[in-house]
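Reviewing the structure listed below.
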Amino acid sequence: MDMEGNKRVFQRLSGGPSTASDSRHHPQQQQQQKVCFHWRAGKCTRHPCPFLHRELPAPAQPLSNGGAPKRFAEDSGSQFLRRGPKFTGGSNTWGRVHGSNAVAKKTEKLCNYWVQGNCTYGDKCRYLHSWSLGDCFDMLTQLEGHQKVVTGIAFPSGSGNLYTGSKDETLRVWDCQSGQCAGVINLGGEIGCMISEGPWVFVGLPNLVKAYNTQSNADLSLNGPVGQVYAMVVGNGLLFAGIQDGSILAWKFNAATNGFEPAASLSGHTLGVVSLVVGANRLYSGSMDNSIRVWNLETLQCMQILTDHTSVVMSVLCWDQFLLSCSLDKTIKVGHVLVSLQVLMVSVQ
C-alpha cells in the first residue's frame with residue numbers, strides 16, 4: 001500500500017502532520033499550510049494535493065486570564081459531537097442560541113420560511129432574513145407609495161431625483177437626499193419600461209412614449225407605438241422602442257426643434273418585443289416569438305435571426321464579443337459574435 005500517499009492525504013485534510021515525528025520528517029509541509037487556490041475555484045484535480053482543501057481556522061486567541069484557549073472537544077457547546085446525537089443529559093447547545101436575548105450566528109443560507117413570510121424565530125433564526133449578505137451595502141430606506149408592481153427605475157444624469165414607474169399608472173419622483181416622494185405624475189396607462197439617457201427620462205406606455213427633460217423641464221409625447229411599449233434602448237443617436245405588435249420604432253433627436261422625430265420602423269418579429277440591447281454596432285431584440293434578431297445600426301436592416309430559444313426571450317445582454325440571452329424556456333444562451341457578423345449560440349443549462 002502507498003502509506004506515504006495516504007499519510008499526505010490525511011495531513012492535507014487535517015491541516016498538518018499527524019504526529020510530531022511527521023512534522024520533523026516533513027518540515028516543508030508543516031510550513032506550507034496554504035489553502036489550495038484551485039480547490040477554492042472548484043477545479044483542483046491533484047490527488048493528493050500538497051495544499052489544503054479547506055479553509056484555515058482563525059488563529060487561537062489567549063484567554064484574558066492568561067490561560068490557554070479551550071480545545072474544541074473541551075468546549076461546552078460541543079457535547080453533541082463528543083457524546084453522540086442520542087445523548088440527552090447536560091445542556092446541549094448545538095445549533096442553539098445562548099441566552100434568551102442573544103442573536104443567532106447567521107449562516108449563508110436564506111430562510112425559506114422568511115421568504116414565505118411565516119418564520120417564527122425572528123432574530124433568533126440561524127438562517128438569513130435578508131436578500132443581501134455582507135457589510136458592503138446597508139439599507140438606507142424603503143421607498144413606499146406605488147400601489148402596484150414597479151416596472152421601471154431611472155436616475156438621469158445631473159439630477160438629484162430618482163424616477164420610478166409602476167403598473168399603477170403613475171410616475172413618482174423621489175428626492176435622493178431625504179428619500180421622500182417629491183412628486184407624482186398620473187400618466188393614465190401602465191408603465192411597461194423606463195430608461196434614462198443624459199438628462200432625459202423615457203417612459204414606455206400603451207401606444208405612447210413620454211420623454212421628460214429633467215434640466216429644461218420639457219415634456220414630450222412620442223406617438224407611433226401600437227400597444228404596450230415593453231423595452232427601450234439608445235444607440236447610434238437613436239431611441240429604439242420594442243412594441244407589443246412586434247415592431248421596433250426609432251426616433252432621432254432634433255436639436256433645432258428640441259424634439260424627437262420618427263426615424264424608422266423595424267419589422268420582422270411576429271409578437272411583442274420585450275428586450276433590446278445595443279453592442280458592437282448592432283441592435284439585438286428579443287421577442288415573445290421566441291427569437292432574437294440582429295440589426296445593423298447603420299442600415300437598420302436585419303442581419304440574422306436566432307431561433308435557439310423555445311419560449312419568450314426575456315432579456316439580452318451584449319458583453320465584449322459575446323451575446324447572452326435568457327428565456328422562459330429555463331435556459332441561458334451564450335452566443336459568440338463572429339467577424340462575419342454572425343452569432344453562434346450555445347446553451348447553458
* To do: Give 94, 131 a once-over and let me know the one that is over 23 Å from the mean Cα position of the chain (by Cα) and either modelled with pLDDT under 90 or not assigned by the TED database to the domain that holds residue 177 (or both).
  => 94
* Asked: Across region 250-264, what is the total count of residues that are open to solvent by less than 80 Å² (accessible area, probe 1.4 Å), farther than 18 Å from residue 201 by Cβ and touching a residue at least 24 places away in the same chain (Cβ under 8 Å)?
  -> 3
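Those residues that are outside any strand (DSSP E or B) and of a type in the set (D, E, K, R), I need them from region 237-253; list them, please. Spell out how you get there, then give the answer.
Let us first name the residues in region 237-253 that are outside any strand (DSSP E or B), namely 237, 244-247.
Across region 237-253, the qualifying residue is only 245.
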* Asked: In region 159-234, which strands (runs of 3 or more DSSP E) lie fully inside it and hold 3 or more residues that are hydrophobic (A, V, I, L, M, F, W, C) and farther than 19 Å from residue 275 by Cα?
  -> 170-175, 181-186
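Taking residue 314 as the residue in question, decide whether it is surrounded by fewer than 16 Cβ atoms within 10 Å (Cβ to Cβ), farther than 30 Å from residue 217 by Cβ, of a type in the set (A, V, I, L, M, F, W, C) and at pLDDT 95 or above. Give the steps one after another, and end with the answer.
On the way: surrounded by fewer than 16 Cβ atoms within 10 Å (Cβ to Cβ): yes; farther than 30 Å from residue 217 by Cβ: yes; of a type in the set (A, V, I, L, M, F, W, C): yes; at pLDDT 95 or above: yes.
Yes: the conditions hold for residue 314.
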* To do: Residue by residue through region 195-219, note down the ones that are over 18 Å from residue 247 (Cα atoms), surrounded by 17 or more Cβ atoms within 10 Å (Cβ to Cβ) and of a type in the set (A, V, I, L, M).
  => 195, 201, 211
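The values are calculated or read from the model by the stated rules, or taken from the named source; none is laboratory data. This structure is a prediction, so every number in the text was calculated from the model and none was measured. For neighbour counting, all protein chains shown are included, and Cβ atoms are generated from backbone atoms with ideal geometry for every residue, glycine included. SASA here: full protein model, heavy atoms, side chains in, ligands and nucleic acids out. Shrake-Rupley method; radii C 1.70, N 1.55, O 1.52, S 1.80 Å.
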